[in-house]
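Note sheet for the following structure.
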Amino acid sequence: MGRGSPIPPMLRRKMVEQYQKGVSQRKIAKSLKLSPSTVHNIIQRFRESGTISVRKGQGRKTILDARDLRALRRHCITYRNATVMEITTWAQEYFQKTLSVNTIHRAIRCCRLKPYRSKKKPYLNMIQKRRHFLWAKAHLKWTVAKWKTVLWSDESKFEVLFGKLGRHVIRTKEDKDNPSCYQRSVQKPASLMVWGCMSACGMGSLHIWKGTINAERSGRPTKITPRAQRQLIQEVTKDPTTTFKELQASLASVKASVHDSTIRKRLGKNGLHGRVPRRKPLLSKKNIKARLSFARKHLDDPQDFWENTLWTDETKIELLGRSVSHYVWRKSNTAFQIKIIIPTVKYGGGSVMVCGCFAASGPGRLAVINGTMNSAVYQKILKENVRSSVCDLKLKQTWVLQQDNDPKHTSKSTSEWLKKNKMKTLEWPSQSPDLNPIEMLWHDLKKVVHAQKPSNVAELQHFCKDEWAKIPPQRCNRLVASYGKRLIAVVAAKGGPTSY
């Protein structure tokens, strides 16, 4: 009888009957295989109250009743991999009760469940399960004599490990950083690959392999020889824009006639895959030198300098926008159905030219440009929007204006206007949109505006102004805070294109 388990009523009655017949308590305990103290307590209760029922439990009632325990058991069986913390969170929401992890842990044990480490077994898909079953069924009636004729073989890898493999260690709470309580490990431990065999008669020989155990290749030999493979890799490395037809013609010169899919698979095994090239501004040697010089010069600038910079730029937003869908699911001979084609119109169906600015504290004002933009129009935009944006964004008196090297920005009249209005500008390398974080805001703006599907240019202008004002200051702050990473990327690329 387990410690704390209640004595069954039948056993209690036998105890009382023997006591009434005059049998001593020690003999009763010996015959029923119970402790003398247990027998004494039950007989004492019978003397005092004349009953043999179990005394009513003391203390507060349990939080989870029998119905709750059944629901808990169902949940644990359904989600066997859930942790006790996850089960506790579910139970608090499901039962609408305040439950601790310890309470759930005890309740799970009351449901005759206990957390165990799951056994590791090979994953079997449906085909493997079917083959597993058929193999067992085919060999079910084999006799022991027949199994004794089988030679069992397998390979295994033995690693050089440090210390014992026990996942538990006996220690105090303060000994967690004691070196003797660590489980030692290395990234790539030394290992041996061994092959062995056995049968009912005994153990076979053990072979230790150095290197890789390779199976003899089945099927027809490959058409691409190692020499042809090296030639392929050299050609695509030298000119990444080489087409499959050109590679086929190149292999034909060495008398290797293969399909383009064969070339694709062979290049893929060597880590070379066909991808759509990224579009980046053309950089001359002068541009690369200027970009590298700019990045090195400002690499150590304090963050306060960039937070006090007003970033500006212009962009064109088309009414229909650029379609990003390049693939559709369709059947043969349905290429020109209305729902499958991508409708286009000349010049994007109309567009809006906008000029905007932002700082680390948030977006500034957005100006819509009507007609052609020249130096006079640009100076008017600066006059009407820059000063007010600086005040709205609460920039310091030492603020700096960032602008690219567009002819409108660097013209003689614009330079004189900036000098007259005491606006300090940031020297800027040409062909460097990746160094201007406002490009990320233009991408966000176009994505949101095109999602609303404006039907005319007036709606397009309204959506642009409305969505620009909704840009959260946190977004702007993150862009400026990570500006140092852009400079590091330019230095790492030695002035070349970056991923921004």
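The values are calculated or read from the model by the stated rules, or taken from the named source; none is laboratory data. As the structure is a computational prediction, the values presented were derived from the model and not from experiment. All Cβ positions, even for glycine, are placed from backbone atoms using ideal geometry, and neighbour counts span all protein chains on display.
Can you confirm whether Trp442 is within 19 Å of Lys289 (Cβ to Cβ) and either part of a loop (DSSP other than H, G, I, E, B) or under 33 Å from the mean Cα position of the chain (by Cα) (or both)? Here the answer is no, as Trp442 does not meet what is asked. Residues in region 100-128 that are in a helix (DSSP H, G or I), hydrophobic (A, V, I, L, M, F, W, C) and within 16 Å of Cys76 (Cα to Cα): 5 in all. Scanning region 482-495 for residues that are surrounded by fewer than 14 Cβ atoms within 10 Å (Cβ to Cβ), in contact (Cβ under 8 Å) with a residue 60 or more places away in the chain and on the phi < 0 side of the Ramachandran plot gives a single hit, Ile488.
Only one entry in Val169, Val150 is part of a loop (DSSP other than H, G, I, E, B), modelled with pLDDT under 80 and surrounded by 10 or more Cβ atoms within 10 Å (Cβ to Cβ), namely Val169. For region 370-405, the tally of residues that are within 44 Å of the chain's Cα centre (by Cα), of a type outside the set (Lys, Arg), surrounded by fewer than 16 Cβ atoms within 10 Å (Cβ to Cβ) and in a loop (DSSP other than H, G, I, E, B) stands at 3. Applying the condition of being part of a helix (DSSP H, G or I) and among the aromatic types (Phe, Trp, Tyr) to region 74-99 and asking which residue is surrounded by the fewest Cβ atoms within 10 Å (Cβ to Cβ) yields Tyr94.
Residues being under 42 Å from the mean Cα position of the chain (by Cα), assigned to a loop (DSSP other than H, G, I, E, B) and either surrounded by 15 or more Cβ atoms within 10 Å (Cβ to Cβ) or aliphatic (A, V, I, L, M) (or both) are represented in region 408-429 by at least one member. When Val448 is tested against (1) within 19 Å of Gly356 (Cα to Cα); (2) aliphatic (A, V, I, L, M); (3) in contact (Cβ under 8 Å) with a residue 40 or more places away in the chain; (4) not in a loop (DSSP other than H, G, I, E, B), only condition (3) is not met.
Regarding Ile104, is this residue in the same structural domain as Gln20 (by TED's automatic domain parsing) and β-branched (Val, Ile, Thr)? Against the criterion (in the same structural domain as Gln20 (by TED's automatic domain parsing) and β-branched (Val, Ile, Thr)), Ile104 does not qualify. Checking region 462-472 against the condition returns no match, with no residue being assigned to a helix (DSSP H, G or I), free of Cβ contacts under 8 Å to residues at least 12 places away in the same chain, out of contact with any Cys (no Cβ under 6 Å at 6 or more places or on another chain) and more than 30 Å from Lys394 (Cβ to Cβ). Can you say whether Lys297 is in a helix (DSSP H, G or I), without any contact (Cβ under 8 Å) to a residue 60 or more places away in the chain and not assigned by TED's automatic domain parsing to the domain that holds Gln231, as far as the supplied structure shows? Considered against the rule, which asks whether it is in a helix (DSSP H, G or I), without any contact (Cβ under 8 Å) to a residue 60 or more places away in the chain and not assigned by TED's automatic domain parsing to the domain that holds Gln231, Lys297 comes out as yes. Of all residues assigned to region 238-252, at least one qualifies as being surrounded by fewer than 14 Cβ atoms within 10 Å (Cβ to Cβ), hydrophobic (A, V, I, L, M, F, W, C) and not assigned by TED's automatic domain parsing to the domain that holds Gly364.
Let me spell it out: the conditions are (1) in a helix (DSSP H, G or I); (2) exposed (fewer than 15 other Cβ atoms within 10 Å of the Cβ), and Arg12 meets all of them except one. Which number is the exception? All conditions are met except number (2).
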